[in-house]
Amino acid sequence: MDSEGGLQWRQLPVFLQGAGVLFFVIFFFFFFFFHGFEVRELYSDNFVFGVVTTCPFIFGIAYAGRWLDGSRLPAERYPRVGEWFVGGLAGFLGLNALMISVWPADALYNNLMWGLFAAVVGGAGGVTVGLFEARAIERALAAERQEQRRKRVEKRNERLDEFADTVSHDLRNPLNVASGRLELVREDCESDHVEAVADAHDRMETLIDGLLALARSGRDIQETEQVRVSNVVEGCWEHVATGDATMAIETDRTVRADRSRLRQLFENLIRNSAEHGGESVSVTVGRLDDGFYFEDDGPGIPAEDRERVFEMGHSSSHDGTGLGLSIVKRVAEAHGWRVRVTDGADGGARFEVTGVQFADD
């Protein structure tokens, strides 16, 4: 159907509800008109039979309009649903009209109620078929979109893997050669310049590791599992140099996440606190209504720098790579989460990760 027709069918939910009300009014009008508008006729077998056989289909049409109005079915499917409704109503009414003309009932009232019954049954049946067809189409389209997204994710991840491999191979190889030659120079002479070159090599090694981690943190997540936050944090704490820092875990929630990527997030948060919070910094991991927080009691982050800290290359330390918090943000966004930094309870930095799906809800 053309766009103009599609716009006309956007009022289908209201139309169906109105049709249900109209059929209901017609049903009562026919009954009372042919029974002298006597209230006592409501207790007759004739009325009860009409209500039982006709009204459920009338209510079904009205409810279909109400359901459609509150559903997530896009308006693009409305024309097809409407066509099924009109087609079912007209088709079944026409068939029964032919039967009435061949085998008419013994009274006009019975013929009219027969026709009304045929109209509402055909309309209810048609709109039911239309809704099922529309939902089936949407499910098929959703599955197709999901498959397309999966293919895009795979291609994007492949490109990131290629980049990581290039960084690892094309940068590490000449760096290894330079480091090997530097060791030979060390055997022949002692100079402060040699140590400066060695420090530069170490710095380059750190940057390469950071770039590899950043590239992998940008990979889209395809599968998640149930992960207990406390277990991941404890494992990360053991693998990061934290000096005399202490940690408290105040959440036992289980989240849906990629375990290795969640480790990336916490390892970089722990490393950030250890580097900027001082030798005896205290770290706390706690629960939010829709996520978790990570905070320390260090010097904190000035309000004017809180957006910039997630930018690649931003660092307040001469030895920092400026990649750690950028990795944190990318990991969070890959999960569909949000991350922001604010003040901690003791004046330090507090990172809040929200939009998290809990597995134990």
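The values are calculated or read from the model by the stated rules, or taken from the named source; none is laboratory data. As the structure is a prediction and not an experimental result, all values here were calculated from the model. Neighbour counts are summed over all protein chains in view; Cβ atoms, including those assigned to glycine, are modelled from backbone coordinates with ideal geometry. What goes into the accessible areas is simple: the full protein's heavy atoms, side chains included, and nothing from ligands, DNA or RNA. Shrake-Rupley method; radii C 1.70, N 1.55, O 1.52, S 1.80 Å.
Of note:
- Per residue, the solvent-accessible area of the chain (1.4 Å probe, heavy atoms of protein chains only, all protein chains present) comes to 58 Å².
- Sequence ranges 288-297, 119-128, ranked by mean other-Cβ count within 10 angstrom, highest first: 119-128, 288-297
- Summed over qualifying helices (DSSP H, 4 residues or more, each -39500 (n - 2.57)) and divided by its residue number, the chain shows a 222 nm mean residue ellipticity of -21500 deg cm²/dmol.
- Gain upon complete extension [Arg66, Leu288; 0.36 nm per residue less C-alpha separation]: 76.2 nm
- Distance between modelled label sites at Glu279 and Gln11, nm, 7 Å Cα→Cβ extension: 7.9
- Potential extension, Val177-Phe33 segment - 0.36 nm per residue separation minus Cα distance: 41.6 nm
- Labels on offer are (1) 22.1; (2) 26.9; (3) 28.5, and the one holding Kirkwood radius over Cα pairs in Å computed from this structure is (2).
- Anisotropy class of the stretch 24-66 from Cα gyration tensor, a/c 1.5 cut: prolate
- In order along the stretch 250-261, the Karplus-derived 3J(HN,Hα) couplings, from 6.51 cos²θ - 1.76 cosθ + 1.60 at θ = phi - 60°, round to 10, 8, 10, 6, 10, 10, 8, 7, 7, 4, 5, 6 Hz, and Gly and Pro are given as x.
- Amide H contacts of Met247 (H built 1.01 Å from N, under 5 Å, at least 5 apart or other chain): Val283
- Taking θ as phi - 60° and the Karplus parameters 6.51, -1.76 and 1.60, the scalar couplings of the stretch 330-346 work out to 5, 5, 4, 5, 5, 7, x, 9, 10, 10, 9, 10, 8, 7, x, 4, 10 Hz in sequence order, x denoting glycine and proline.
- Other-chain or far-sequence residues with amide H under 5 Å of Arg287's (modelled H): Tyr293
- Inter-probe distance in nm under a simple model that places probes 7 Å from Cα toward Cβ, at Glu83 and Val102: 2.9
- In the stretch 1-102, Cα pairs under 8 Å separated by at least six residues give a relative contact order of 48 percent.
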